[in-house]
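Report on the structure given below.
Values quoted throughout were computed directly from the atomic coordinates according to the rules given, and no laboratory measurement underlies them. A quick note: this is a predicted structure, and the numbers were derived from the prediction, not measured. Because the Cβ atoms are built from the backbone with ideal geometry, glycine has one as well, and the counts that use them run over all protein chains shown.
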Amino acid sequence: MGYNVAIVGATGVVGQELLTLFEQRKFPVDQLKLLASARSAGKTMEYGGRSIVIEEATAEAFTGVDIAFFAAGGSVSAALAPAAAEQGTVVIDNTSHFRLEPDVPLVIPEVNPDDLTWHKGIIANPNCSTIIMAVVLAPIHQAAGLKRVVTSTYQAVSGAGAAAMTELDRQVREYLDGVQPTAQVLPVASLPRHYQIAFNLIPQIDVFQEGGYTKEEWKMVKETRKILHLPELAITATTVRVPVFRCHSLSVNIETEKKLTVSEVRELLANSPGISVIDDPETQSYPMPAVLSGSDDVYVGRIREDNSVTSGLNLWIVADQIRKGAALNSLQIAEELIRRGLL
Ligand code: NAP
Ligand code: 3JN
C-alpha cells in the first residue's frame, strides 16, 4: 500500500534530500505533491522517472494528503501545518516552530520513538545539531546517568540552506582569484551584518537571544532536555559555522553519575542504533566531514576520559546533518509511524 505524500519546501536542500531518500529507502509513495513558494510554482522536478509540476504551498494543497514533510521555514509551518493536520494529514515538521509545544512530540526514532504514540497530527523533527548529539547521549544516559553536558559545534554551511552553500563556493573562488569576497547570507540572511565564511569561522548560528546565547544554542539545550525527558539536565552549547559544505561536527564533554571506561563507551556506542564508532589513535582513525558526506549514521571518535572530573568523557561526533539531522530523521519518523500502524 502506498501513501499520498507532500513535501513543503521541495526545491530546498532538505526537500531534495527527502526525494533522494524516498527512492533509496523505497518509501511507499503513491501520489507525490511537491510544494514550494510562488516563485517555483509551475517549474518541474523529476521523481521516479516522472516529471512533477511544483505547486505553491497553500492550505488547500493538502486535501487527500496522508503525510506531509515540512521544510520551508518556521513561518510557512506556522501558517500551513495546523490547517493540514486539521484535514487529517500527518505533519512531520523540520522547523523549530512547534518543537517545544507540550502537545507536539519531538522525536528521534532511535531515542524516544514511544513519544509518537501521543501525537495529535503534528510531529516535530529536532534541530540537526540536537539530533546528532542526542543519538549519542541517550545510550550513555541509559548506562551511566548524565550529570552535565558541554558542547561546541562546527556546523556546515548547508545547515543555512542552498544560498549559504552557493556563498561559500563563490567566496572560495573569489579569494583564490585575489578578489575580496563579499557576503550576503551568513551568519543570518535577514540580519544587517554579513561575514565572509571562506577561510573563516563565524561564532553565530541563528539570532541572539537571552544571556548572549544564540537561538541555535538554546535549541540544543531545550530540545535535548525534551527528547531525553530530562527537564533539569545541566547542558550548555556554543555553536559555530565553519567553511565545510556538509556534515556537522561536535565536541562534547560529558559528566556521568557512574564512571565509564573508554572501552566500555566504545562497546556501548558501537552496539547502539544509528551510531558507528571510528576511534583508533594508533591508525589516526576518527570521523571527519569530508569522508562522511552522504552517510546515514552518527559517527563517534576521539573517545577519552576527562580526568579533570571524577567521571567525565570527551567525544568527537560527526554526522551528515542534511540526512540524519533533517531529511533522514523525518523519514525514519514516517517509517516508525507505519511500523506502529499509526499512519
Ligand atoms: P533552503 O535550501 O533555503 O530551501 C527553502 C525551501 O523553502 C525552498 O523549497 C523554498 O521554495 C521554500 N520556501 C521558502 N519560502 C516559502 C514560502 N513562502 N512558501 C512555500 N515554500 C517556501 O532551506 P533548507 O536548508 O532546505 O531548510 C528548510 C527548512 O528546514 C529550514 O528553514 C529549517 O526550518 C529546516 N531545517 C531543519 C533542519 C533541522 O535541523 N531539522 C536542518 C536544516 C533545515 P522556493 O525554492 O520556491 O523559494
Ligand atoms: O544552521 C544550521 O546548521 C541548522 C539550521 C537549522 C535551521 C535553519 C533555519 C531555521 C532551523 C532549525 O531547524 O532549527 C530553522 C528553524 O528554526 O526552523
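Quick notes on this one:
- Cβ-derived FRET efficiency at R0 25 Å, Gln142 paired with Leu342, nearest 0.05: 0.55
- Dipole orientation for the chain: of the candidates His141, Pro109, Phe98, Phe98 has the Cα lying most toward the positive pole (charges on Cβ; Lys, Arg +1; Asp, Glu -1).
- Summarising the amide proton neighbourhood of Lys147: residues at separation of 5 or more, or on other chains, whose placed amide H is nearer than 5 Å comprise Glu255, Thr256, Glu257.
- DSSP beta bridges confined to the range 1-123 are antiparallel in about 20 percent of cases.
- Aspartates and glutamates whose Cα lies under 18 Å from that of Lys219, excluding same-chain neighbours fewer than 8 positions away: Asp93, Glu101, Asp103, Asp206, Glu210, Glu232
- Using distinct alpha-carbon pairs, which all enter the 1/r mean, Kirkwood radius of the chain in Å: 20.8
- Relative contact order (%) - criterion: Cα under 8 Å, at least six apart; region: the chain: 17
- Considering every alpha-carbon pair of the range 193-343, the percent of pairs per 10 Å bin, from zero through the bin containing the longest distance, is 10, 30, 39, 19, 3.
- Dipole magnitude of the range 16-135 about its Cα centre (Cβ charges: Lys, Arg +1; Asp, Glu -1), debye to nearest 20: 320
- D (Stokes-Einstein, µm²/s), Kirkwood Cα radius, the range 239-297, 0.692 mPa s at 37 °C: 239
- Projected area, mean over directions - the range 163-213, Cα convex hull, nm²: 3.6
- Residue exposure sequence - Leu201, Leu343, Leu34 - by fewest surrounding Cβ within 10 Å: Leu201, Leu343, Leu34
- The GluC sites (Glu not before Pro) found in the range 53-123 include none that occupy coil by DSSP while having at most 14 further C-beta atoms within 10 Å.
- Hz values of 3J(HN,Hα) by residue in the range 24-38 - Karplus curve (6.51, -1.76, 1.60), Gly and Pro given as x: 4, 9, 6, 5, x, 8, 9, 9, 10, 10, 9, 10, 7, 7, 4
- Within straight-line reach of Lys26, meaning a Cα separation under 22 Å, sit the following lysines at least 8 residues removed in sequence or on another chain: Lys324.
- Each residue in Ile275, Ile52 was given a count of other beta-carbon atoms within 10 angstrom of its own, and listing them fewest first yields Ile52, Ile275.
- Couplings 3J(HN,Hα) of the range 153-167, computed from phi: 10, 10, 9, 5, 5, 4, x, 9, x, 4, 5, 6, 5, 4, 5 Hz, in residue order, whole Hz [Karplus 6.51 cos²θ - 1.76 cosθ + 1.60, θ = phi - 60°; x for Gly and Pro].
- The reciprocal of the average 1/r between distinct C-alpha atoms defines the Kirkwood hydrodynamic radius, which for the range 1-142 equals 15.7 Å.
- For Val277, the residues 5 or more places off, or on other chains, whose built amide H falls under 5 Å of its own are Val300.
- For Val90, distant residues with modelled amide H under 5 Å away: Ile67, Ala68
- Among the GluC sites (Glu not before Pro) in the range 202-245, those located in a DSSP loop and surrounded by at most 14 other Cβ atoms within 10 Å of their own Cβ are Glu232.
- The chain - mean residue ellipticity at 222 nm from DSSP helices (-39,500 (n - 2.57) per run, n ≥ 4, rounded to 500): -8500 deg cm²/dmol
- Cα-only radius of gyration and Dmax that characterise the range 96-194, units Å: 18.8, 57
- With R₀ set to 45 Å, the beta-carbon distance separating Lys259 from Gln180 gives a calculated FRET efficiency near 0.30.
- Multiplying the residue separation of Glu335 and Phe208 by 0.36 nm and removing their Cα-Cα distance gives an extension gain of 42.2 nm.
- Footprinting exposure proxy for Asp280, Asp93 (fewest neighbouring C-beta atoms within 10 Å first): Asp280, Asp93
- For the chain, with +1 on Lys and Arg beta carbons and -1 on Asp and Glu, the positive-most of Gln16, Ser77, Tyr175 along the dipole: Tyr175
- Listed values for the range 331-336 are Karplus-derived 3J(HN,Hα) couplings in whole Hz (6.51 cos²θ - 1.76 cosθ + 1.60, θ = phi - 60°), namely 5, 4, 4, 4, 4, 5, and x replaces Gly and Pro.
- Most positive-pole-ward Cα, Gly274, Ser285, Val221, against dipole of the range 178-292 from beta carbon charges: Val221
- Taking GluC sites (Glu not before Pro) across the range 255-341, the ones in a DSSP loop with at most 15 further Cβ atoms lying within 10 angstrom of their Cβ are Glu257.
- In a simple Cβ point-charge model (Lys, Arg +1; Asp, Glu -1; nothing else charged), the chain has a dipole of about 280 debye relative to its Cα centre.
- Förster radius 25 Å - calculated FRET efficiency between Ala290 and Val172 (Cβ-Cβ, nearest 0.05): 0.95
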